[in-house]
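The values are calculated or read from the model by the stated rules, or taken from the named source; none is laboratory data. Because the structure is predicted, anything quoted here is derived from the model rather than measured. So basically every Cβ, Gly included, is an ideal-geometry build from the backbone, and we count neighbours across all protein chains shown. Just so you know, the surface numbers come from the protein's heavy atoms only, side chains and all, with ligands and any DNA or RNA stripped out. Shrake-Rupley method; radii C 1.70, N 1.55, O 1.52, S 1.80 Å.
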Amino acid sequence: MRHSSALWVVLGWVGFALLPWFSSAATQLSVNPPGAGLAGSALIDGLANGRWWLLPLLAPLVAGVGAVALPRHHSLHPWLLLVGGAAGLLWTVVQGFAIGLNGWNWPGLAALFGPLPQGQGAFGLGAALTMTAFLFQTTGGFAGLGCMKGDRFTAGAIGLVLLSIALFVFLPVGFVLSSAGDSGAGGFSPLALWTRLTAPDIWRLNCLYENRSCGVVWNSVFLATMTGLLTTLLGLAFALVAVRTGFRAKGLLRMLTVLPIITPPFVISLAVILLFGRTGTVTLALADWFGIPPSRWIYGLPGVLLTQTLAFTPIAFLVMIGVVQGIGPSLEEAAQTLRASLWVTFRTVTWPMMRPGVANAFLIGFIESLADFGNPLILGGNYDVLSTKIYFAVVGAQNDPGRAAALGIILLGLCLGAFWLQRRWLGTKSYATVSGKGDNGVPPALPTGVRVAAFATALPWAVFTFILYGMVLFGGFTENWGRNNSLTLRHYRNAFDLTWGEHGLIWAGRAWDSLFTTIQVAGLSAPLTAAVGLMTAYLLVRQRFAGQSAFEFFTMLSFAIPGTVIGVSYILAFNQPPVELTGTMAILILCIVFRNMPVSIRAGVAAMSQIDRSLDESSLTLGAGNLQTIRRVILPLLRPAIVASLVYSFVRAITSISAVIFLVSPEHELATAYIVGRVEQGDFGLAIAYSSALIVLMGAVIALIQLVVGERRIGRRTTDRLALQEKPV
Amino acid sequence: MSIATNASGVEFRNVTRRYGQAVAVNDVSFSIRAGDLVTLLGPSGCGKTTTLRMIAGLEMASSGTILIGGKDVTRLPATDRNVTMVFQSYALFPHMTVAENVAYGLVVGGMRKTDAAEKAAAGLDLVGLSGYGQRLPSELSGGQQQRVAVARALVLEPEVLLFDEPLSNLDAKLRRKMRDDIRDLQQTLGLTSVYVTHDQEEALAVSDRIIVMNRSVIAQIGSPTDLYRRPRDRFVADFIGGANLIEAELIGRGDGVAAVRVGHAVLPVPDADVAADLPLGGVLLAVRPNAIRLRAEVGTGNGVPVTVRKATYLGSHMEYGLTSALGDLFAIDTNVVNPVPAGTTVTARFADDGVMVVPR
C-alpha cells in the first residue's frame, strides 16, 4: 500500500524535474526552451527561462515527499497526499489554460497581473506524467481516509475514468459551447451566442408558404421523424415475422442484423446511387421501357430517407425482436382462455405491451437519423441537415467554427432530448415479462391481417436490402456503372495493387496507406476501449461509492453526443495548448475510444451483473486484493464479454466516419474518410471496391472470432444485442 | 502439511453502520472469546449479516472500533484481515477446480504452488473430500460444495472463521449433518467462529454463545440456556423457542419466588430467572407452548379454562390453537394417543419450567 504512493510521488518528481514538460510538436518549437531532456523540464524552465508559474508545483510535490516520509498510519499521511495531489492537479490545469502561446489567454488576467515575458506550449510527456502522479496521489489520499473501503485501486480507477471523461468528453463539449458564443475578439458574448443560435437559415419556415427550403433544424427533424417511423414499422414487421410466424429462412433475417455492424454508414448510399442515380440500373431501365427521362430526384430528401431507412431498419429490428420476445406467451394464452379471439388478443394484450418498445425503437431511429452523417453528405443534394451543415461550416469555404459550434449545440440538444426521453421510456414503461420463472406457454398465431401485412412489408424490404448489398459487392468489378458495364479488376488494382520493386514488395495501390492506418488505429483503440469500458463497468457494478449514479450518467452521456459534434469539439479543443493533438494519430484513437466506450461499458455491465458478487467477496476474504480478484476471478469469467467488446470496438473503429472525418490528416488518413473523399471526387469505382473490401474484411474478422470463441457462447448474444441497441450515434 | 489454528477474539466497541439515512447496525458492542462459536441470530433485516460483513471487512463501520486479536482493524479492508468466510452461496469460483479453489487464498498470498497444493489437499482431507480435487465445483453436490467452501476458508488458518447462513441452501436432513460437522470441526481445531442464521434451532444447536439482534441493535447476548430460560424481553422470549405472551402483573418477590398474577390466578415463578431490576407492576408472562398442559377437568385450582379452536396432528406431537380469557394461546402436547378434539373446553395449566417473566 505504502510503496505505491511513494512510487507516484517519485514519478511526479520525474515528470517535473527530468522529463520535457512541453510537447515538442512542430507548432511550438519557437516558444520552447532550447534543447530537450533536462533543459526542458518544468523545474529548469521555471528557474532559468522565467516561466515562474511552473514553480508553485514544487509545493504539492514536497507535500508528497512529506507524506511518504511520515511514519506509517500517521493521520496526516492521507491528508498530505490528498491536499497536495489535488492542489497540484488544479494548479497544473489552471496555469495550462490561463497561459497560452502568447502569454495570458484572457485579457482580464493580463490587466490584473501585468503582461508575461513569454507564453508556453502544450503539455508534453513531463506534464502528463506529473498530472497522472498528482491524480493518483489524490485518490490514494482519499483511499487512505477510508473512502472506497480504503481501496487504492478502486479510488484510483474512479479518478482515472473521471479525469479522462472530463478531458476527452466534457472539455471538448465545453469548447463547443464557448466557441458558439465567440465574439470574434477572443471573448465570450451571450449576444453572439444568441445570434448564432437563432440564425434565420436554421429556423425559418419558408417551405410552408413559399417554394423555398426551410431551416436546417426543421429539415433534420422532419427527416429524423420520417426515418424513425419507417424504421420502426419495418423493424416491427421483421420482428413479428422472425418471432411469431413459422417463417423458414430466419437465419437470413438474422444476417440482416449483422450487416449494419460491418457496413460503413455511407455504403448504402453508394448502392442506392448505383440503382437510382442518373446512370443507375433502375433509372436506365425506366428510361428504356417507359421513356422516363433520367433525373436527379434521388439527391435530396427521398434519397436520404431511403438510405437511412435501409441503414437503420436492422437496428429497429434488433430492438423489436427483444420487445416481441419479451412478451410472456402465458399472458396471451390467458387472454385466449378468457374468450378473446386472435385479433382481439393482439389488439388488447400483445400490442399494448409492445407499445413502449415501439416508442423506444422510434426514438433510436430518430437519434440515428439525426446523427447520421455519411448518407446526407453523399445523397443530400440541396436538402441540408444539421450534421452536414456542421461539416461544411468547418471544412467549407465559410470556415466558421462559431457557426459549426452553434449548429452542434442544437444537434446535441435534439439528441440529448431524444436520449432522455428514451431512457425515461426504458426505465419506467417497460413491460418485459420475462422473469426467472419458467413460462412454458406457446405464443398464439398472429391474426391473419397482421401476418399478411408483416410478410408483405418485411420480405420485399429484405430482398431489396440484399440486392443493394449485392450491388455494392458487384459494382466494384464494373468499368463504369451504367455507362460501361463490362467487368474489370481495374478498381481493385487501383486500390490494392502490389508490385515488386528493387527493394522488394511495393504497396502501390492507393488504398493501402489509409487501410494500414485504419487497421492500426482500430487495433490500438479496440483494446483501450475494452479496457476503459470494462474497468468502468467494474466500478459501476462491483463498487459502491458516493455519486455513483452521477458517475454512470457521465459515462453514458457520450452516447447521445452525435459524431459530428464530437468531431467539431475535438478540433476546437485540441488544436491549441495546453492539450494539442490535432493531426496526430492519438486524437483519432482517443476520439474512437471515448465514442465507443459506452458500448463496452454496457457489454461489461451486462456480463458482470451475471457473476455473483459473493465470488469477489470470497476472493477478498481469502486475502486477494481487488487487482488480484479482477485478474484471477472476474476476467476469466468475463472472457466472452471481453472478446465481444474487442471485436465490436475494432469493427466500429473501422466503420466510423462522422467524428473522424474532422480529425484525419494527410499522414493519418482513415479508410472511411478516404472513401468519402473519392465519392466527392466522383470516383465511384474505387469507392465501391474499397467499401466492399472493407465489408468482406470485417465479415471475415467477425466470422473468425465467432469460430474461435464459438464454443463459449455464455451471454454472448445478449452482449451483442445490447451493444448494437445502444451504439453511440 | 497440517492445518494449524490461530484463533483470536473479536471485539466490537460502539459500532454503527449507516447507509445514508438508514441505520443497519446501531451502536453495537460485544466481545467474542477466542475458540468460541458465536451465533448472530435474528429475523431478516436485523443487521446480523451487516455485523458479520463488518468483521470480514466487506463493510466498513461508520463509527466505532472493531478489534480482532486485540488489534484495531476498523479501517483495514477485507484483503488485509486474517478472517475468512463461508458464503451462503458457497461462492466457489466456477472456472477453477476444487483444488484450485481451496489453494486460491494460499496462492494469492504468495505461497509456493507445490506447498499450496499440499496444504489444499490437507484441507480437503479435513472435510472428507480428498480425491475430489480435480473436479469442477459444478460437478459436486450442494453438500460437497459446502465442504469445499469450508476447506477453502480453513486452509488460511484464519483468526476468525465466518459463516453466513451456510446451511440455508441444503435440505433439512443434510442441514442437520452439516451443522454437526461444522461444530465438530470448530471444536476440534479450536476455531473462533461467527455464525449467522435466522434459524433459532440451528443457533441453539451449534453455539457457545448467541447474540440475538433485532432492529439493528443487540437484543440479548447469552448461552443457549440463558436465552431460552431467561429471555430479557418479549422479542427474545418469542424468537427463541416461541412463547405465548400474556398480560400479567408482578405482585411480589422473595424467598426465591416471584409471584405473578394472571387473570384471577397467582403463579409462582423461580425468582432467579426474573431480571433483578424488574419493578413490581405490569409485566408479560411468556409461556412456552410445551409448558401448557391440557386437563379434562374444568374449573379447579390455578388452571385457566380454554376452548380448543384447532387441533393439528403432527406425528410426534399435537399442536393446539386455544381460545381463553387471556387471549389466544398456542400449545404443543406430546400426547398424541388421546388428543383433545377441537371444540371442547378444558383446563390449561402452566408448567413451572416453561414460564418466564419479561417486561412489557
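Just a few scattered comments:
- Largest first, the residues A:481, A:351, A:343 sort by 1.4 Å accessible area into A:343, A:351, A:481.
- Share, in percent, of DSSP beta bridges within chain B that are antiparallel, nearest 5: 80 percent
- Candidates B:274, A:563, B:193 compared by Cα position along the dipole of the protein assembly as shown: farthest toward the positive end lies A:563, with charges placed on Cβ.
- Length gained on full extension, residue A:485 to residue A:635, computed as 0.36 nm times the residue gap minus the Cα-Cα distance: 48.7 nm.
- Chain A: angle of helix A:58-69 to the longest principal axis, Cα-based, in degrees nearest 10: 80 degrees
- Across the protein assembly as shown, the fraction of Cα-Cα pairs farther apart than 42 Å, rounded to a whole number, is 56%.
- Dipole of the protein assembly as shown, positive direction: furthest Cα of B:241, B:204, A:550, with charges on the beta-carbon: A:550
- For residue B:310, the shell of other residues with beta-carbons less than 11 Å away shows a net charge of -1, using +1 for Lys and Arg and -1 for Asp and Glu.
- Summary: within chain A, the longest segment free of GluC sites (Glu not before Pro) located in DSSP loops with at most 10 other C-beta atoms within 10 Å is A:211-501.
- Delta accessible area of at least 30 Å² on complex formation, residues of the stretch A:599-624, 1.4 Å probe, chain isolated as reference: A:614, A:615, A:617, A:618, A:620, A:621, A:622, A:623
- Where a label projected 7 Å from the Cα of residue A:83 along Cα→Cβ would reach, residues of the stretch A:123-154 with amide N under 19 Å: A:134-147
- Around the Cα centre of the protein assembly as shown, unit charges on the Cβ atoms of Lys, Arg, Asp and Glu (plus for the first two, minus for the last two) sum to a dipole of about 1320 debye.
- Total accessible surface hidden between A and B, rounded to 100 Å², 1.4 Å probe: 2000 Å²
- Our estimate of slack between residue B:345 and residue B:215, defined as 0.36 nm per intervening residue step minus the Cα-Cα distance, is 42.9 nm.
- Where labels lie 7 Å past Cα in the beta-carbon direction, separation of residue A:355 and residue A:65 in nm: 7.1 nm
- Rolling a 1.4 Å probe across the protein heavy atoms gives the protein assembly as shown an accessible surface of 42 Å² per residue.
- Tilt relative to chain B, helix B:113-126 - C-alpha long axis, 0 to 90 degrees, to 10: 30 degrees
- Net +/- balance of residues flanking residue B:91 in space, Cβ distance below 11 Å, scoring K and R +1, D and E -1: -2
- Protein accessible area in chain B, 1.4 Å probe - carbon and sulfur %: 48 percent
- A full extension of the chain between residue B:310 and residue B:255 corresponds to an added length of 15.8 nm, given 0.36 nm per residue minus the alpha carbon distance.
- Other residues within the sphere of radius under 14 Å centred on the Cβ of residue A:204, judged by their own Cβ, net out at -1 (K and R +1, D and E -1).
- The accessible-area ordering, largest first, of the residues B:53, B:295 stands as B:295, B:53, per a 1.4 angstrom probe.
- Largest accessible area first, the listed residues A:471, A:535 line up as A:535, A:471 when surface is computed with a 1.4 Å probe on the assembled protein chains.
- Here chain A exposes an accessible surface that is 67 percent carbon and sulfur, computed with a 1.4 Å probe and the other protein chains kept in place.
- Principal-axis tilt of helix A:351-371 within chain A, Cα atoms, nearest 10 degrees: 60 degrees
- Taking label positions 7 Å along the Cα-Cβ direction at both residue A:245 and residue B:238, the computed distance is 6.2 nm, reported to one decimal.
- As a calculated quantity, the FRET efficiency between residue A:424 and residue A:166 at R0 = 30 Å, using C-beta atoms, amounts to about 0.70.
- Residue among A:574, A:682, A:619 farthest towards the positive dipole end of the stretch A:506-725, charges placed on Cβ: A:619
- Note on residue B:230: accessible area is roughly 90 Å² with a 1.4 Å probe, heavy atoms of protein only.
- DSSP-defined antiparallel bridges as percent of all bridges, the protein assembly as shown, nearest 5: 80 percent
- Taking all protein chains together and rolling a 1.4 Å probe, residue A:469 ends up with roughly 30 Å² accessible.
- The simple spin-label model puts a point 7 Å past each Cα toward its Cβ; for residue A:222 and residue B:29 those points are separated by 7.8 nm.
- Annotated for the stretch B:10-229: lysine pairs at least 8 residues apart or interchain, Cα distance under 28 Å, count 5.
- Stokes-Einstein D (µm²/s) once Rh is taken as the Kirkwood radius of the stretch B:103-246 over alpha-carbon pairs, at 20 °C in 1.002 mPa s: 126 µm²/s
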